[in-house]
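The structure under discussion appears below in the form of structure tokens.
The values are calculated or read from the model by the stated rules, or taken from the named source; none is laboratory data. Note that the structure is predicted; figures quoted are calculated from it, not measured. For neighbour counting, all protein chains shown are included, and Cβ atoms are generated from backbone atoms with ideal geometry for every residue, glycine included.
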Amino acid sequence: MPVCVTRSCGDPPNIDNGFAVVRGTGVGDTISYSCQTGHRLSGVESRTCLSNGRCSGEDPACDPVVCAVPEAPEDGSWTVDGFVPGSTIRFECKLGFTLVGSATVTCLTDKSWSDRTPSCQQITCPPLRDPEHGTVQLTNWISDNQELNNDINQQLAVGYHSTAHYTCNRGYQLFGPGQRTCTDQGTWSDRGPQYRRVWCPEPQAPCKDL
């Protein structure tokens, strides 16, 4: 005497780097799929057991999530510990430049980075003008230590570690530092010197013969 049995689709195969949640193997039962951290599901999220003893659709796959390799900022560099979710990139700038933006970004599960690539901006100090009763000569460290003429001095904001050299006009004496340096804060070291007029003592009358 024939016996009717429930048709079964059987246990589903495992998927690499993922999980299958089986809610039954009979007709109409479903299987749901998910992936391990750092992987993304490619294909259907669930399958249904059909009356022909097979599951609908095809086996999905769990593909690794990999963030794209970013370009290093101009005048800067980066170090990275990986390109999978949770990995970080640390950016830094070369000497004389400051970082604008996030110093660290993280790879996310959607294959994007948590922030855009930062930029490196040259550190500059405000331009200096010739002081009254004196002159200032700049040596631009960023420009291979080339001295700049006074016409350029009036307009150019010079880079980090550049120096300003002060001299006096004839008849004046300098009080204060004769040299200032552009710091990594974008400011000039010390205050500008002062200039004082040189006065000669009054001559004494010659002695009279007695």
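Any chance segment 47-62 includes a residue that's at positive phi and among the charged types (D, E, K, R)?
Filtering segment 47-62 for residues at positive phi gives 53, 57.
From the residues that got through so far, the ones that are among the charged types (D, E, K, R) too are none.
Checking segment 47-62: not a single residue is at positive phi and among the charged types (D, E, K, R).
Among the residues of segment 11-36, how many are of a type outside the set (D, E, K, R) and part of a loop (DSSP other than H, G, I, E, B)? Steps first, please.
From segment 11-36, those of a type outside the set (D, E, K, R) are 12-15, 17-22, 24-28, 30-36; that's our starting set.
Cutting the leftovers down to part of a loop (DSSP other than H, G, I, E, B) gives us 12-15, 17, 24-25, 27-28, 36.
Counting residues in segment 11-36 that are of a type outside the set (D, E, K, R) and part of a loop (DSSP other than H, G, I, E, B) gives 10.
Considering only segment 14-40, state which residues are aliphatic (A, V, I, L, M) and touching a Ser or Thr at 6+ places or on another chain (Cβ under 8 Å).
Looking only at segment 14-40, we keep the residues that are aliphatic (A, V, I, L, M), and these are 15, 20-22, 27, 31.
Ala20, Val21, Val27, Ile31, listed by residue number.
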Out of the residues in segment 93-114 that are among the aliphatic types (A, V, I, L, M) and part of a loop (DSSP other than H, G, I, E, B), which is farthest from the chain's Cα centre (by Cα)? Leu108
Among the candidates Pro60, Pro64, residue that is over 30 Å from Tyr160 (Cβ atoms) and touching a His at 6+ places or on another chain (Cβ under 6 Å): Pro64
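With under 25 Å from Ser8 (Cβ atoms) and not in a loop (DSSP other than H, G, I, E, B) as the only criterion, which of Arg47, Arg40, Arg90 stands out?
Values: Arg40 fails: under 25 Å from Ser8 (Cβ atoms); Arg90 fails: under 25 Å from Ser8 (Cβ atoms).
None of the others qualify; the one that does is Arg47.
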Output yes when any residue across segment 72-79 is among the charged types (D, E, K, R) and under 30 Å from Asn14 (Cα atoms), and no when none is. no
I'd like the residue in segment 21-58 that is hydroxyl-bearing (Ser, Thr, Tyr) and touching an Asp or Glu at 6+ places or on another chain (Cβ under 9 Å) and, out of all such residues, is modelled with the lowest pLDDT. Thr25
Considering every residue within segment 52-70, establish whether at least one is assigned to a loop (DSSP other than H, G, I, E, B), in contact (Cβ under 8 Å) with a residue 40 or more places away in the chain, more than 30 Å from Leu99 (Cα to Cα) and of a type in the set (Gly, Ala, Ser). yes
Reported set for segment 60-87 where residues are charged (D, E, K, R) and touching a strand residue (DSSP E or B) at 6+ places or on another chain (Cβ under 8 Å) is Asp63, Glu74, Asp75, Asp81
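On the given criteria, is Phe83 crowded, with 16+ Cβ neighbours inside 10 Å and either under 11 Å from the mean Cα position of the chain (by Cα) or not assigned by TED's automatic domain parsing to the domain that holds Thr117 (or both)? If you could, list the steps in order and put the result at the bottom.
Details: crowded, with 16+ Cβ neighbours inside 10 Å: yes; either under 11 Å from the mean Cα position of the chain (by Cα) or not assigned by TED's automatic domain parsing to the domain that holds Thr117 (or both): no.
So Phe83 does not fit the description; no.
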Go through the residues of segment 142-158 one by one and say whether even a single one is at pLDDT 85 or above, surrounded by 10 or more Cβ atoms within 10 Å (Cβ to Cβ) and closer than 25 Å to Gly96 by Cα. no
